[in-house]
Amino acid sequence: MVRTLTRRFSIQNSKSFHIRRMASGRLQQNLIPDGNDVEDVDDNLQSRGIDTRNAEDQSMEQQNVGESGTGTPQEMPQSDMELMKERFAKLLLGEDMSGGGKGVSSALALSNAVTNLAASIFGEQGKLEPMAPERKARWRKEMDWLLSVTDHIVEFVPSQQKSKDGTHMEIMVTRQRSDLLVNIPGLRKLDTLLIETLDNFGQEKEFWYVSKNDDQEKENSQRVDKWWHPTVKVPANGLSEKSRRWLQSQKDSVSQVLKAAMNINAEVLSEMEIPESYIDSLPKNGRASLGDSIYKSITVEYFDPAQFLSTMDLSTEHKVLDLKNRIEASIVIWKRKMHHKDGRSSWSSAVSMEKRELFEERAETILLLLKQHFPGLPQSALEISKIQYNRDVGHAILESYSRILESLAFTVMSRIEDVLYADSLTQTSSASPASSENSSSNEEDAARMSTSETPTLSDFMGWDIASAKSNSSDLEIYFKGDHDKKTSKPPLSSTPKKASHLEKLENFSGLRSPKARD
């Protein structure tokens, strides 16, 4: 009898545990019922569980069909998240996917990421046409990811804080670094202007592009020195006056973007430290770097930069780049000699400091003219060395971003010049002798007016007694940052005051129509 009671009690306990598990979360009363009540409750709960599972299956089927589900919108953020993880994983690993610590620095990894992104987005932009929406969206999205790093590059600045008792005290707060705070919004604005310029050509119908195999290409419609550019065609009677003026305005706008991007890039590169490996590779004096012929041309008593460039062989890109490397190396040598005054230094020489400073300024003038005439020139050995050994992440982002915008602006400007060149060929072929004489006289008058208004090279160097600066656009004023500078230049002195890179760009008129590479 005792064994029977024990067995019955164990059965009741097992059934009551099953009831508690199935009815969790509800008010439980009399959870140990007797006999048939237990079986009824168990059957009811099992039937409710089956109904609940059926309802869940039906709701899942409805979501799969798409009636009330939200599965599709959740897939896109997941895709972007995976892509962003991949990008930042490469940055953290320094492009060394093995994880062995042999990767590049964070600054160089970010610089390469910006450069590679621009190459994949703008590498196919060979015509004056709007960007594809997919490429434009990808450019915006991934550049926002890369530029988000600059939000965390901060510096301490003083700030005023008012306490509860009304007293003011000075505290230090964090703020985005000054160069990033100024230049990142400016570069974003230049980026937007360039993309808007490309979008403006979506409705253009007065010129078009033909394929390389088209018979019309045999006509004289393409510049020989730009044979790799797409062949552009214009109507037989040329562009309309309205379209011609509009193209010129677009070219002027892109010219201002190019000028601002070049200024930012030059300023950032000048702030980067010169690597010791580059210094060790230099000769001991400027004459050895430049060569006897170039050194004598720069160190003459009366120096004319334009005449100097006219005597140099700049027929190929390689020769221009070689001259640029020589000039930059000599500038570094002369600057180091001026800052190392101890006689024990191997950099010392018998040349006076005043002459060395004069030679350095002449070399910088030549370097600036080379950059103006050949804006699409590859990076020099000094620039590559600075970018490679740079450890400042902020400088790396500013340099790479401004460099790709400079390249894109130069590309757009070259394509606009191709259209204007094709239009000029059409006008020349269809013009009559009488109209040719009138146009030649008009061109002479225009040239006379332009020479009287446009600053010459002497004005640019400060050799004129007084020359007025031309009015700058809002974009120039934005990057210039100083609205109270004098418009007249001081007379030439033995040691002229150095002008900033942007001031030289503004005064030098050659930037308005950069010369293409021969």
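The values are calculated or read from the model by the stated rules, or taken from the named source; none is laboratory data. What you are looking at is a predicted structure, and each value in this text was computed from that prediction instead of being measured. Note that each Cβ is placed from the backbone with ideal geometry, even for glycine, and that neighbours are counted across all protein chains shown.
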Just to be sure I understand, how many residues within region 368-421 are of a type in the set (Val, Ile, Thr) and more than 27 Å from residue 196 (Cβ to Cβ)? 3
Test for residue 160: is it buried (at least 16 other Cβ atoms within 10 Å of the Cβ) and either under 25 Å from residue 252 (Cβ atoms) or not aromatic (Phe, Trp, Tyr) (or both): no
Complete set of residues in region 131-152 that are assigned to a loop (DSSP other than H, G, I, E, B) and crowded, with 16+ Cβ neighbours inside 10 Å: 131
Six or more apart or on different chains, Cβ atoms under 6 Å: show the pairs whose first residue is in region 310-323 and more than 13 Å from residue 366 (Cα to Cα) and in a helix (DSSP H, G or I) and whose second is modelled with pLDDT under 90 and not aliphatic (A, V, I, L, M). 317/517
Return the total of residues in region 203-234 being out of contact with any helix residue (DSSP H, G or I) (no Cβ under 8 Å at 6 or more places or on another chain), assigned to a helix (DSSP H, G or I) and either surrounded by 13 or more Cβ atoms within 10 Å (Cβ to Cβ) or at pLDDT 85 or above (or both). 1
From the option list 377, 368, single residue qualifying as closer than 30 Å to residue 127 by Cβ and either touching a residue at least 60 places away in the same chain (Cβ under 8 Å) or in contact with a Pro (Cβ under 9 Å, 6 or more places away or on another chain) (or both) is 377
Does residue 111 count as out of contact with any helix residue (DSSP H, G or I) (no Cβ under 7 Å at 6 or more places or on another chain) and more than 18 Å from residue 409 (Cα to Cα)? no
The correct count of residues that are without any contact (Cβ under 8 Å) to a residue 60 or more places away in the chain and not in a strand (DSSP E or B) in region 153-172 is 5
Any idea how many residues of region 278-292 are surrounded by 12 or more Cβ atoms within 10 Å (Cβ to Cβ) and either in contact with a Cys (Cβ under 7 Å, 6 or more places away or on another chain) or in a helix (DSSP H, G or I) (or both)? 7
Pair list, Cβ < 6 Å and 6+ apart or interchain, from region 69-89 residues that are closer than 15 Å to residue 148 by Cα to residues that are modelled with pLDDT of 85 or more and among the hydrophobic types (A, V, I, L, M, F, W, C): 84/145
